[in-house]
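A.B. asks: I'd like to ask you about the structure that follows.
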Amino acid sequence: MTGQTSENVVASTWTKPIPPVEKIPAQADVVIIGGGIVGVSTAWFLARQGVDVVLCEKGHIAGEQSGRNWGWVRVQGRDTREIPMMLESLRIWESLKDDTGEDVGFTRGGCFFTANSSKELQSFEDWADIARDYEIDTRLINAPELKQHVRGSAIDWAGAMVTMSDGRAEPHKAAPAIARAAERSGATVLPGCAVRGIETSGGSVSAVVTEHGTIRTSTVLCAAGAWTSMFCHSLGINIPQLRVRGTVARTAPCESVLDGNVFDDRLGIRRREDGGYTVAHGSVLEHPVTPASFKYFLKFLPALMQEFKVVRLSFGRDFIDEWNMPKVWDLDEPSPFEETRVLNPSPTPSVLKGIRKNLDTLFPQLANTPIVESWAGTIESSPDVVPIIDSVDGVRGFHVATGFSGHGFGLGPGAGKAIAGMLTGEDAGIDLSPLRLSRFFDGSPIRPQSAI
Ligand SMILES: Cc1cc2nc3c(=O)[nH]c(=O)nc-3n(C[C@H](O)[C@H](O)[C@H](O)COP(=O)(O)OP(=O)(O)OC[C@H]3O[C@@H](n4cnc5c(N)ncnc54)[C@H](O)[C@@H]3O)c2cc1C
């Protein structure tokens, strides 16, 4: 069965051996911390502009969020602050196969948000109006038209909001392919190379200290995903960030019931390149409460109120682990980033049961289709659930790109282009000012416009 070949095993991204690091460059124009989709895309754009760039990843390329996500590449439903970057990202995804020379599994199969009632369908009008402003092909469709795209469901939906130009890609393939393309363009990509900290001179970045030695540089991008807040805290930089956990599964190849991505409050489902489906619960995200939950409670209150039906709080080991985590460390000793090479949470059994039940309820014809793999991923979010992309006041040459929430996979290539522009001072045509870090500290209202 094709779905069982190692090429399709999602966890192979983070379970294969990490190649040993032979040698690291003594210096670079730019050092990127983090080999997720944001870090590798930035490295790829920089390398193609002739910038001498080194990317350090403590574990595997795409070993954390970027290899574990649902694989949706959509503009539909996004916060307006993400739309220009996402439209650019979709253009990059379209030619990514040709530009990297590798299969990333991208295809445009449409994105459908289903409505259980005509009232719910009407509620999509607001976003459809926004889409018109950006000339996006979003439409509201009725039940018969939806049935042509989502075949044989047992649910009588009232209709859906759909954007046919939205797509999907294979997370376990995309970031590793972009990283290889970056290397071919001249970037140095170092998996198994944790960054412990940075050195400064006169308030400016002077070097990056890794577990394998020091790289002299004046420009650093911290694209460390769920670790960004902690890394920056060790430098005295405050990045408000919390983590939630999502459980995901994939089915064996089976009958084709849809070609794109469908979101229902019971199930998020998308067609996979291998002929199976990536499936997740439509309305369960878990937030293990930690000291950071209290520290950032007020900033995250609007997001928590918006997501109160979806986010399940849990109390346990994560609180103690974070409490015991060192806040600062010596750069000549192993750091917390080497302790946890890969953030690898376990899928939650009760959520997996819910996924199976909801899949069978929505698509009874898939009831005998086995779930062949399951995993979990830690999503990191900013208070208004859109990214923070900025240079940091006080440490010249230090930049952050984080807080991509549950939407950073699709956004990754566009973000990479915009961030490369920020680092080189070239205009990438994407305004980053709405994503500035200071919005959380200058009294601006914190208003999430989209879901985590
Ligand atoms: C379950 C789930 C479903 C999702 N679904 C979607 C979706 O359908 N569509 C979508 O667009 N987005 C989705 N997302 C969100 C998306 O995956 C993320 O927003 C995106 O991958 C973030 O990319 P990143 O590069 O910022 O972070 P990451 O992929 O987390 O990469 C950061 C990397 O930094 C490394 N690192 C950290 N600290 C250090 C250090 N000190 N030294 C060296 N390396 C370090 C980490 O090991 C990690 O590999 C989902 C996420 C999850 C978990």
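What follows draws every value from the coordinates through simple rules; no lab data is involved. The model shown is predicted, which means the values in this text are computed figures rather than measured ones. Every residue, glycine as well, gets a Cβ built from its backbone with ideal geometry; the counts of neighbours run over all protein chains shown.
A.B. asks: Over the Cα atoms of segment 156-207, how large are the radius of gyration and the largest Cα-Cα distance (Dmax), in Å?
C.D. replies: Answer for segment 156-207, Rg first and Dmax second: 20.7, 65 Å.
A.B. asks: Could you tell me how far the Cα centroid of segment 358-402 sits from the Cα centroid of segment 283-341, in Å?
C.D. replies: Cα centroid of segment 283-341 versus Cα centroid of segment 358-402: 15 Å apart.
A.B. asks: Could you compute Rg(Cα) / (2.2 N^0.38 Å) for segment 132-180, with N its residue count? Walk me through the intermediate numbers first.
C.D. replies: Values: Rg = 15.7 Å, N = 49, 2.2 N^0.38 = 9.7 Å.
Ratio of Rg to 2.2 N^0.38 Å for segment 132-180: 1.63.
A.B. asks: Semi-axes of segment 163-308's equivalent ellipsoid from the Cα gyration tensor, sqrt of 5 times each eigenvalue, largest first, rounded to whole Å?
C.D. replies: 36, 25, 12
A.B. asks: Do you know the relative contact order of segment 111-164, to the nearest whole percent, from alpha carbon pairs under 8 angstrom that are 6+ apart?
C.D. replies: 54 percent
A.B. asks: Once the Cβ-Cβ distance between V328 and R436 is put in as r, and R0 is 25 Å, what FRET efficiency do you end up with, to the nearest 0.05?
C.D. replies: Efficiency, from the Cβ-Cβ distance: 0.45.
A.B. asks: From the backbone phi of segment 397-413, what are the Karplus-calculated ³J(HN,Hα) couplings (6.51 cos²θ - 1.76 cosθ + 1.60, θ = phi - 60°) in whole Hz, Gly and Pro given as x?
C.D. replies: x, 9, 10, 10, 9, 7, x, 6, 6, x, 10, x, 5, x, 6, x, x
A.B. asks: Can I ask one more? Please list 28-35, 268-275, 93-100, 125-132 highest first by mean number of surrounding beta-carbon atoms within 10 Å per residue.
C.D. replies: 28-35, 268-275, 93-100, 125-132
A.B. asks: Give, as a single signed number, the net charge of other residues whose beta carbon lies under 14 Å from the beta carbon of S118, with Lys and Arg counted +1 and Asp and Glu -1.
C.D. replies: Surrounding charge for S118 is -2.
A.B. asks: Can you give the relative contact order of the chain as a percent, counting alpha carbon pairs under 8 Å and 6+ residues apart?
C.D. replies: Values: 1023 pairs, mean separation 105.1, N = 452.
This gives 23 percent for the chain.
A.B. asks: No partner Cβ under 4.7 angstrom, meaning no disulfide-compatible partner by this rule: which Cys of the chain qualify?
C.D. replies: C111, C222, C232, C254
A.B. asks: Let me ask something else about it. Under the √(5λ) rule applied to the eigenvalues of the Cα gyration tensor, what semi-axes describe the equivalent ellipsoid of the chain? Give them in Å, descending.
C.D. replies: 35, 23, 22
A.B. asks: Where does each of D103, D133 land when they are ranked from fewest to most other beta-carbon atoms within 10 angstrom?
C.D. replies: In increasing order of surrounding Cβ atoms, one gets D133, D103.
A.B. asks: Among DSSP bridges having both ends in the chain, what percentage is antiparallel? Round to the nearest 5.
C.D. replies: 70 percent
A.B. asks: Related question: Using the per-residue mean of other Cβ atoms lying within 10 Å as a proxy for protection, in what order, highest first, do the peptides 415-428, 219-232 fall?
C.D. replies: 219-232, 415-428
A.B. asks: Report, in degrees rounded to the nearest 10, the 0 to 90 angle that the Cα long axis of helix 171-184 makes with the longest principal axis of the chain.
C.D. replies: 40 degrees
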